[in-house]
Amino acid sequence: QVQLVESGGGLVQPGGSLRLSCVASGIIFSINTMGWYRQAPGKQRELVARISSGGTTNYAESVKGRFTISRDNAKNTVALQMNSLKPEDTAVYYCNSHRLNRDYWGQGTQVTVSS
């Protein structure tokens, strides 16, 4: 049984920081591409950042220079460090694992950026 469990969301003021974490079980973590997606109210889910099994990273243009994705294969964990947060970063953030044609998703964690 595959499980992706996110943590670290919350309410933060503009300009602040949050760190999201996702712990995976039931998959061979080290060979999966791991990613973070987000979905704001009334919008489609979008890719925020992803990291391949080899450590190659990709970011949405809107978060480049502010967000950093990392992985720890020994702990089956992927993290998203979010700095200089903006109100438009408000969304539910989802952890994703991908390999070949198979995707798994976490339950999501709410991030709200507001003063």
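Determine which member of the set Lys75, Lys64 is among the charged types (D, E, K, R), within 24 Å of Gly16 (Cβ to Cβ) and open to solvent by 60 Å² or more (accessible area, probe 1.4 Å).
Lys64
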Considering only residues that are over 10 Å from the mean Cα position of the chain (by Cα) and over 15 Å from Gly10 (Cβ atoms), look in the range 84-96 and name the one that is least open to solvent (accessible area, probe 1.4 Å). Ser84
Determine which member of the set Gly15, Gly42, Gly35 is open to solvent by less than 70 Å² (accessible area, probe 1.4 Å), out of contact with any Cys (no Cβ under 9 Å at 6 or more places or on another chain) and small (Gly, Ala, Ser). Gly15
Taking interchain pairs and intrachain pairs at least six residues apart, which have beta carbon atoms under 9 angstrom, with the first residue in the range 83-99 and outside any helix (DSSP H, G or I) and the second open to solvent by 60 Å² or more (accessible area, probe 1.4 Å) and of a type in the set (Phe, Trp, Tyr)? Tyr94/Trp105; Cys95/Tyr104; Cys95/Trp105; Asn96/Tyr104; Asn96/Trp105; Ser97/Tyr104; Ser97/Trp105; His98/Tyr104
Would you check if Leu47 is outside any loop (DSSP other than H, G, I, E, B), closer than 20 Å to Val111 by Cα, open to solvent by 40 Å² or more (accessible area, probe 1.4 Å) and free of Cβ contacts under 8 Å to residues at least 24 places away in the same chain? yes
Can you confirm whether Ala24 is over 24 Å from Val113 (Cβ atoms), touching a residue at least 60 places away in the same chain (Cβ under 8 Å), in a strand (DSSP E or B) and open to solvent by less than 30 Å² (accessible area, probe 1.4 Å)? yes
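Have a look at Gly35, Gly15 and point out the one that is on the phi > 0 side of the Ramachandran plot and not in a helix (DSSP H, G or I). Don't jump to the end; show me each part of the working.
Values: Gly35 fails: on the phi > 0 side of the Ramachandran plot.
Exactly one of Gly35, Gly15 is on the phi > 0 side of the Ramachandran plot and not in a helix (DSSP H, G or I), namely Gly15.
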Unmet requirement for Leu100, which otherwise passes all of (1) modelled with pLDDT of 95 or more; (2) open to solvent by 30 Å² or more (accessible area, probe 1.4 Å): (1)
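The values are calculated or read from the model by the stated rules, or taken from the named source; none is laboratory data. Because the structure is a prediction, the values reported are computed rather than measured. Don't worry about glycine lacking a Cβ; one is built from the backbone with ideal geometry, like all the others, and counts go over all protein chains shown. In case anyone asks, the SASA skips ligands and DNA or RNA and just uses the protein heavy atoms, side chains included. Shrake-Rupley method; radii C 1.70, N 1.55, O 1.52, S 1.80 Å.
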